[in-house]
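A.B. asks: Please read through the structure below; I'll follow up with questions.
All of the numbers you see were taken from the coordinates with simple rules; none came from a lab. The structure presented is a predicted model; accordingly, all values stated were derived computationally and were not measured. In this analysis, Cβ positions are derived from the backbone assuming ideal geometry, glycine residues included, and neighbour counts consider all displayed protein chains.
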Amino acid sequence: MKVLVPVKRVIDYNIKVRVKPDGSGPDLTSVKMSMNPFDEIAVEEAVRLKEKGVVSEIVVVSIGMPQAKDTLRTALAMGADRAILIEATTDVNQDIEPLSVAKILVHIVKDENPDLIIAGKQAIDNDANATGQMLAGLLGWGQATFASAIEIADGGALVTREIDGGLQTIRVKLPAVVTADLRLNEPRYVALPNIMKAKKKPLEERPLAALGIDIAPRLKVVRTVEPVGRSAGVRVASVDELLEKLKNEAGVL
Amino acid sequence: MYLNETQEQVRDTARSFADEVIRPAAEALDREERFPSEIYEEMAKVGLFGIGVPEELGGPGFDTLTYAVVMEELSRGYASVADQCGLVELISTLLVRHGTPVQQKMLPEVISMRRKVAYCITEAEAGTDVSGIRTTAEKDGEGWVLNGGKLWIHNAPVADTGFVLARTDKEAGNRGMSIFIVDLHANGVDRGPKEHKMGQRASQVGGLNFTDVRLGPDALLGQAGRGFHTMMSVLDKGRVGIAALAVGIAQAGLEAAVDYAGTRKQFGKHISEFQGVQWLLADMAKDIEAARLLVHSAADKIDRGQDATRSCSMAKCFAGDMAVARTADAVQVFGGSGYIRGFEVERLYRDAKITQIYEGTNQIQRMIIARELLKKGART
């Protein structure tokens, strides 16, 4: 069984994000970038399925800057077998929208014929949470989003999903698209010997132009603002005063 | 930054591991003076021991610069843990360079920490002046008989195998010493009590006594009579490692000090708004960066096969002195809190001190730098 895992290179989750002075988006010049954490979970899940003997090959794909090769190397070091980079831009500020990503992935899927696609549920940069769903739609495949457990059996996948108020288990036929939620697993540390071994694994670079897909944005970012700083706390003299403030000031009761 | 993609990847792994596993455990390990087997097992799984061991011998085969990067990151978590990595690195480098194929078979055990090692040089009368050692190995048939005592040996209370420098020829001075691989569970080996140290307290340090310990013919590492030179051959790498470790301690202090200065309020504002505190932070940052660059430059010289002795001594000396001075600054930024047990900077200051002493005191490093200057000229 073959698994395809799309991975995105995003601003590192440890970095304090700053908005550009003109408000056009986050400042991405010379900040540390790394693999989207949900994609890391997706890669980890694919590797665990391979270690269980369920999966025979893991192909990772990234779409974006040439530097996304670093991200793919990390995925290879985690245990993926092969990597494909679609070179789509040289501008770090160009966010390729979910629909474009999904269309590009359709091309890859047609070449690779995977039995399963495991994707991160969303990227931590734009939080769109749409690529997996759009990809399933374009392919006409089943989808199981927000997975916190995946079990492969009888030509299908049994996926536990985190929903409001509890867990839901659904069964999807393969091939299918599964998107990984936070609690699916805890990704491993990339072992040092595997970093060396990953350098010898195949990483194929393809220009976007060959696919003939227009990635011009359909959305317009009107404004980006930093979150409002937390204001100082206040002391209340009594429980009554607390309740009064919660009702009338905070509006939470 | 000039690190390549692979070195950055390694740094990221070491950094996450240090942040998530080592640093949160450091306070308790210091307090309890405990050998953290569980952390070492995890490190072994991630491949954080034996960084330079080539792939064909079971390691990842990284260069010295990568090793220095790992040492700094681990030490940022906790210096004792980094020092274990440094010890394993030295022993595995000795085995890679001087070991017979049979001796090299122990490498997988050494870098997985299933076999704990000790590097046994220092004696009561032989610290900086190694030529003063009195431990002897006398030829006995095919093998040797070991007698003597070692002091302040890292891992002595827990180690399985010692790499012991002993005199094999009383007349031959520095050409009369040899290194032996000694089973520390063998008859005739006695372990002294564990020492209670000022800093790096999770490192287990103690003495070893050898009474008529029988050694087989395979026990000799490298050539007989060349033990001093064998030992010296890994000295440069050892110094780079300790220098990187010192940078890591200071870096942890800087991070703590910057965070604290941005939250602690006095006179109605954050103390980071006072120029007096800003200058402390600025001096810390610039000296740490300067030390780091010295370390990386020395490591790079080793990797290029250039004469690195002067650079390694400069890196070790500067980084050690810097770590002590700048962790003292970190304590200063914390004020009274920084003097209290349980605050990270208090531990960092104690942990830093030994970096001026071990792996060659900083006085010896200055002697080496001066000797190199006068012998080879002021230009490099």
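A.B. asks: Taking beta carbons within 10 Å but only from partner chains, what does the mean come to for residues B:2-15? Can you show the working numbers first?
C.D. replies: On the way: counts 0, 0, 0, 7, 8, 1, 3, 12, 5, 0, 8, 9, 2, 1.
For peptide B:2-15, the averaged partner shielding equals 4.
A.B. asks: I'd like the distance between the alpha-carbon centres of segment A:10-49 and segment B:178-219, rounded to an integer number of Å.
C.D. replies: Taking the Cα centre of each part, segment A:10-49 and segment B:178-219 sit 49 Å apart.
A.B. asks: Give me, ordered by chain and number, the residues 5 or more places off A:ALA130 or on other chains with an amide H under 5 Å from its own placed amide H.
C.D. replies: none
A.B. asks: Using amide H atoms built 1.01 Å from N in the peptide plane, name the residues 5+ places from A:THR179, or on other chains, whose amide H lies under 5 Å from its own.
C.D. replies: Here A:ALA119, A:ALA144, A:THR145, A:PHE146, A:ALA147 satisfy the definition.
A.B. asks: Is there a quick way to get the dipole size of the protein assembly as shown? I mean about its Cα centre, with the Cβ of Lys and Arg at +1 and of Asp and Glu at -1; what is the value in debye to the nearest 20?
C.D. replies: Charge dipole of the protein assembly as shown: 880 debye, to the nearest 20.
A.B. asks: Say a paramagnetic label sat at a point 7 Å from the Cα of A:ASP12, along Cα to Cβ; which residues of segment B:65-84 have their backbone N under 13 Å from it?
C.D. replies: The answer is B:73.
A.B. asks: Another one. By its C-alpha gyration tensor, with a ≥ b ≥ c as the square roots of the eigenvalues, how is segment A:2-222 shaped: rounded for a/c under 1.5, else prolate for a/b larger than b/c, else oblate?
C.D. replies: The shape class here is rounded.
A.B. asks: Can you list the residues, at least 5 places off or on another chain, whose amide H is less than 5 Å from the amide H of B:LEU208, using H built in the peptide plane?
C.D. replies: Under 5 Å from the amide H of B:LEU208 lie the amide H atoms of B:LYS150, B:LEU151, B:GLY192, each far enough along the sequence or on another chain.
A.B. asks: Ranked highest first by the average count of other Cβ atoms within 10 Å around their residues, in what order do B:237-249, A:7-19 fall?
C.D. replies: Descending packing order for the listed peptides: B:237-249, A:7-19.
A.B. asks: May I ask you to derive the relative contact order of chain A, considering only C-alpha pairs under 8 Å and at least 6 residues apart, and to give it as an integer percent?
C.D. replies: On the way: 490 pairs, mean separation 58.7, N = 253.
Reported as a whole number, the value is 23 percent.
A.B. asks: Nothing charged except the Cβ atoms of Lys and Arg (+1) and of Asp and Glu (-1): what's the magnitude of the dipole of segment A:2-222 about its Cα centre? Round to the nearest 20 debye.
C.D. replies: 360 debye
A.B. asks: Taking a ≥ b ≥ c as the square roots of the Cα gyration tensor eigenvalues, with a/c under 1.5 meaning rounded and otherwise prolate when a/b beats b/c, else oblate, which class fits segment B:185-247? Kindly include the intermediate steps, with their values, before the conclusion.
C.D. replies: Details: a/c = 3.52, a/b = 1.17, b/c = 3.01.
Since a/c reaches 1.5 but b/c is at least a/b, the shape of segment B:185-247 is classed as oblate.
A.B. asks: Still on this model: Rounded to a whole number, what is D in µm²/s for chain B from Stokes-Einstein with the Kirkwood radius over alpha-carbon pairs (10 °C, 1.306 mPa s)?
C.D. replies: Stokes-Einstein gives a translational diffusion coefficient of 75 µm²/s.
A.B. asks: Another one. Would you please put B:3-9, A:23-29, B:60-66 in order of how densely packed they are, using the mean number of other Cβ atoms within 10 angstrom per residue and starting with the highest?
C.D. replies: Order by mean packing, descending: B:60-66, B:3-9, A:23-29.
A.B. asks: Run the dipole for chain B about the Cα centre, Lys and Arg Cβ at +1, Asp and Glu Cβ at -1, nothing else charged, and hand back the magnitude in debye, nearest 20.
C.D. replies: Magnitude of the dipole: close to 900 debye.
A.B. asks: Could you tell me how far the Cα centroid of segment B:293-310 sits from the Cα centroid of segment B:47-64, in Å?
C.D. replies: About 19 Å separates the Cα centre of segment B:47-64 from the one of segment B:293-310.
A.B. asks: Go through A:LYS121/A:LYS199; A:LYS16/A:LYS201; A:LYS199/B:LYS45; A:LYS16/A:LYS245; A:LYS20/A:LYS199 and tell me which ones have a Cα-Cα distance over 30 Å in this structure. If you can, show how the numbers build up before the last one.
C.D. replies: On the way: A:LYS121/A:LYS199 28 Å; A:LYS16/A:LYS201 33 Å; A:LYS199/B:LYS45 20 Å; A:LYS16/A:LYS245 32 Å; A:LYS20/A:LYS199 35 Å.
Flagged as over cut-off: A:LYS16/A:LYS201; A:LYS16/A:LYS245; A:LYS20/A:LYS199.
A.B. asks: Determine, for B:ILE364, A:ILE84, the number of other Cβ atoms within 10 Å of each Cβ, and report the residues in order from fewest to most.
C.D. replies: In order of increasing Cβ crowding within 10 Å: B:ILE364, A:ILE84.
A.B. asks: Rounded if a/c is under 1.5, else prolate if a/b beats b/c, else oblate: with a ≥ b ≥ c from the C-alpha gyration tensor eigenvalues square-rooted, which is segment A:96-231?
C.D. replies: rounded
A.B. asks: If you don't mind, there's one more thing I want to ask. Convert each backbone phi in segment A:174-190 into a coupling constant with the Karplus relation 6.51 cos²θ - 1.76 cosθ + 1.60 (shift: θ = phi - 60°), then list the ³J(HN,Hα) values in order as whole Hz, x for Gly and Pro.
C.D. replies: In residue order, the calculated couplings are 8, x, 8, 10, 10, 10, 8, 9, 4, 8, 4, 6, 10, x, 6, 6, 6 Hz.
A.B. asks: Ok, one more. Relative contact order (percent) for segment A:71-199, with alpha-carbon contacts under 8 angstrom and 6 or more residues of separation?
C.D. replies: So the answer I get is 29 percent.
A.B. asks: Past 18 Å, Cα to Cα, is the threshold; run B:LYS316/B:LYS353; A:LYS200/B:LYS105; A:LYS8/A:LYS69; B:LYS316/B:LYS375 against it and keep the listed order.
C.D. replies: Pairs exceeding 18 Å: A:LYS200/B:LYS105; B:LYS316/B:LYS375.
A.B. asks: In the protein assembly as shown, with Lys and Arg counted as +1 and Asp and Glu as -1 at Cβ, which of these residues, B:ALA299, A:LEU105, B:GLY176, has the Cα nearest the positive end of the dipole, that is, farthest along it?
C.D. replies: B:GLY176
A.B. asks: Same structure, new question: Please identify the helices of chain B, taking whole runs of DSSP H, that span at least 27 Å along their own axis as judged from the Cα atoms and have a mean Kyte-Doolittle score of 0.5 or higher.
C.D. replies: Membrane-span-like by this rule: B:79-98, B:235-261.
A.B. asks: Nearest 500 deg cm²/dmol is fine: what mean residue ellipticity at 222 nm does the protein assembly as shown get from its DSSP H runs of n ≥ 4 alone, each adding -39,500 (n - 2.57), divided by its residue count?
C.D. replies: Using -39500 (n - 2.57) per qualifying helix, the result is -12500 deg cm²/dmol.
A.B. asks: Right, here's the next one. Once you keep just the Cα pairs under 8 angstrom separated by 6 or more residues, what percentage relative contact order results for chain B?
C.D. replies: Rounded, it is 16 percent for chain B.
A.B. asks: Distance from the Cα centre of segment B:103-165 to that of segment A:170-185, in angstrom?
C.D. replies: Distance between centres, Cα-based: 55 Å.
A.B. asks: Any idea what log10 I(q)/I(0) is at q = 0.06, 0.10 Å⁻¹ for the protein assembly as shown, Debye with uniform C-alpha scatterers and no solvent?
C.D. replies: -0.42, -1.01
A.B. asks: Now for a different question. Calculate the spin-label point distance for A:LYS197 paired with A:ALA237, positioning each point 7 Å from the Cα along the beta-carbon direction, and give it in nanometres.
C.D. replies: For the pair A:ALA237/A:LYS197, the computed spacing is 6.9 nm.
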